[in-house]
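The values are calculated or read from the model by the stated rules, or taken from the named source; none is laboratory data. Please read these numbers as outputs of a predicted model, since none were measured by experiment. FYI the Cβ positions are ideal-geometry reconstructions off the backbone, even for glycines, and counts take in every protein chain you see.
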There are 4 protein chains.
Amino acid sequence: MVATEIRVIYGDTDRMGVVYYANYLRYFEAGRNEYLRAAGARYRDVEAECGVMFPVVEANVRYKHPARYDDHVRVETRITELKRASLRFEYRVVRVEDERLLVEGHTVHACIDRDHKPTKLPERIVGLLRAGENLPG
Amino acid sequence: MVATEIRVIYGDTDRMGVVYYANYLRYFEAGRNEYLRAAGARYRDVEAECGVMFPVVEANVRYKHPARYDDHVRVETRITELKRASLRFEYRVVRVEDERLLVEGHTVHACIDRDHKPTKLPERIVGLLRAGENLPG
Amino acid sequence: MVATEIRVIYGDTDRMGVVYYANYLRYFEAGRNEYLRAAGARYRDVEAECGVMFPVVEANVRYKHPARYDDHVRVETRITELKRASLRFEYRVVRVEDERLLVEGHTVHACIDRDHKPTKLPERIVGLLRAGENLPG
Amino acid sequence: MVATEIRVIYGDTDRMGVVYYANYLRYFEAGRNEYLRAAGARYRDVEAECGVMFPVVEANVRYKHPARYDDHVRVETRITELKRASLRFEYRVVRVEDERLLVEGHTVHACIDRDHKPTKLPERIVGLLRAGENLPG
């Protein structure tokens, strides 16, 4: 699990006074970026060096409790599936102040090459991600 | 079904050249707003006159094919469930030029009152929405 | 002048109940896109066919009166300067219901080529834009 | 001056591969929030305890050089004017890696009360902000 901390800005909220529902997908992305960086597979490098991209094919969010302006939240990110040509991240957004779970969700990503064709996850990336999560080899 | 047309702007895209994954939830919201307006239950009025709000409790998006800058897309919105204190919308985002299905998804909404307590959907709203969808009474 | 109509969504607002200040730049972009389309110089085509881009070098916004959720607003867009290698757009955002001026602003854009070097505005584009605004030749 | 660090996400970029021009106003807001927090005048508290808000009346951005995906940027925020009923912030966005100045700008804010009427900046807030900037009394 990799933790990423975010401070909620006005621009993230809506007129109900809480974080707008789409913006949790931005928080998930920040969590995913930091997860990959921590695993030694910074996404910018994965794109540039391995020539693959991980476009999202599915996203799911369950909203338990709202985050509010200036809340300090922590996005907890895990990889829960590493398949031949796809991977799945799971996320929990927790308010730091009281450790309350606010939002849960997951995203599923394909692995595609520069011609936007599905392709195998590069061996090196799989190794780094398995090491990061202690997933069975 | 209510159709809402949207023109993709630069601000909706990301550096992959396609609409950023979170922004489809903005498109879904536009579709939802127009659905309610068409049914005679404009959300602004529902909030102000009935004293209820419909916060989202779950969102799901399946990404089939990317929308690109300046694409003209149509959001097709339906209500597929009307329960005592919740409702469910389904969405299809279609590119107008070739009628290609780009994205599908749904959102589930609670009905809460001004004290943020769960409450029954107002009878009048249920009537308007059932009429709109020809859902069985 | 080219008019573009926009319906304010929840996702555009912030917890003050009004459109978040950054989002008027999204509205300006929508106005700019429709301006260019109306002039026969759709920006997507300008990029693809002329090989030039118009990155923004300056943006200015003056906030007079807030737009609110579900407001129907009109973005009025004009070109007020066409120089050798830059152009300037001016915008007014007006609430349709009462014709109240909400926001004014402008953006200045450079003209760059595919190598991101400053370059002259293509003759054909200048012609189309001058015709659109009846600017002196 | 107060420094706030931000990591650029995909969701901040557009199809030109750089941060979308409106999103620097989000970065400015993050800088402003951290400035006020550092001065002991957290904006959430200013709103709740002093009953005043600082809506933006003008924003200006000059784009020098683009920020890109995964760039680590620093927003440097200063207050450069404290008037009876308004204040002005200036911002510089710098790329941390090479200290390159990317964007500069400012925002001007009114001070309004709970009835949205212009009002004097609270003495206590003025004191905290002057102390923060060593502005002449």
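Some observations on this one:
- Looking only at the stretch A:54-69, residues that are in contact with a Lys or Arg (Cβ under 8 Å, 6 or more places away or on another chain) and facing chain B (nearest Cβ under 7 Å) come to 2 in all.
- Selection within the stretch D:86-137 - more than 27 Å from D:Val73 (Cβ to Cβ), hydroxyl-bearing (Ser, Thr, Tyr) and either within 16 Å of the chain's Cα centre (by Cα) or within 14 Å of chain C (Cβ to nearest Cβ) (or both): D:Ser86
- Checked against (1) within 21 Å of B:Ile9 (Cβ to Cβ); (2) touching a helix residue (DSSP H, G or I) at 6+ places or on another chain (Cβ under 7 Å), B:Arg68 meets all criteria but (2).
- Check on B:Asp12, of a type in the set (Asp, Glu), more than 14 Å from chain A (Cβ to nearest Cβ) and either free of Cβ contacts under 8 Å to residues at least 24 places away in the same chain or crowded, with 24+ Cβ neighbours inside 10 Å (or both): no
For every residue, the table says whether it meets (1) in a strand (DSSP E or B); (2) in contact with a Pro (Cβ under 8 Å, 6 or more places away or on another chain); (3) among the small types (Gly, Ala, Ser).
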{"position": "A:Ile79", "(1), (2), (3)": "yes, no, no"}
{"position": "A:Arg84", "(1), (2), (3)": "no, no, no"}
{"position": "A:Glu90", "(1), (2), (3)": "yes, no, no"}
{"position": "A:Leu101", "(1), (2), (3)": "yes, no, no"}
{"position": "A:Ala131", "(1), (2), (3)": "no, no, yes"}
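- Residue check: D:Gly31 meets all listed conditions (1) within 8 Å of chain C (Cβ to nearest Cβ); (2) small (Gly, Ala, Ser); (3) under 30 Å from A:Asp45 (Cβ atoms) but one, namely (1).
- Residue in the stretch A:108-118 that is touching a Lys or Arg at 6+ places or on another chain (Cβ under 6 Å) and either at pLDDT 95 or above or not polar (S, T, N, Q) (or both) present: yes
- Among the candidates D:Arg26, D:Arg44, residue that is basic (Lys, Arg), under 20 Å from D:Ile9 (Cα atoms) and part of a helix (DSSP H, G or I): D:Arg26
- The single residue among D:Leu87, D:Leu102 that is within 22 Å of D:Pro55 (Cβ to Cβ) and surrounded by 13 or more Cβ atoms within 10 Å (Cβ to Cβ) turns out to be D:Leu87.
- Scanning the stretch A:1-12 turns up no residue that is modelled with pLDDT of 95 or more, in contact with a Pro (Cβ under 6 Å, 6 or more places away or on another chain) and within 26 Å of D:Asp45 (Cβ to Cβ).
- Tally, over the stretch B:84-129, of residues that are of a type in the set (S, T, N, Q) and touching a Cys at 6+ places or on another chain (Cβ under 8 Å): 2
- Extreme residue, farthest from D:Ala110 (Cα to Cα), among residues of the stretch C:48-59 that are buried (at least 17 other Cβ atoms within 10 Å of the Cβ) and out of contact with any strand residue (DSSP E or B) (no Cβ under 6 Å at 6 or more places or on another chain): C:Cys50
- Residue satisfying all of: in the stretch C:103-116; outside any strand (DSSP E or B) and of a type in the set (Asp, Glu); nearest to D:Glu58 (Cα to Cα) among these: C:Asp113
- Put simply, of A:Arg62, A:Arg32, A:Arg37 the only residue that is surrounded by fewer than 18 Cβ atoms within 10 Å (Cβ to Cβ), closer than 15 Å to A:Arg78 by Cα and either aliphatic (A, V, I, L, M) or within 17 Å of the chain's Cα centre (by Cα) (or both) is A:Arg37.
- Residues being among the polar types (S, T, N, Q) and surrounded by 15 or more Cβ atoms within 10 Å (Cβ to Cβ) - total across the stretch C:65-84: 1
- Enumeration of residues in the stretch C:34-53 that are facing another protein chain (nearest Cβ under 9 Å) and touching a residue at least 40 places away in the same chain (Cβ under 8 Å): C:Glu34, C:Met53
- Residue match in the stretch C:34-45 (condition: farther than 19 Å from B:Arg7 by Cβ and among the basic types (Lys, Arg)): no
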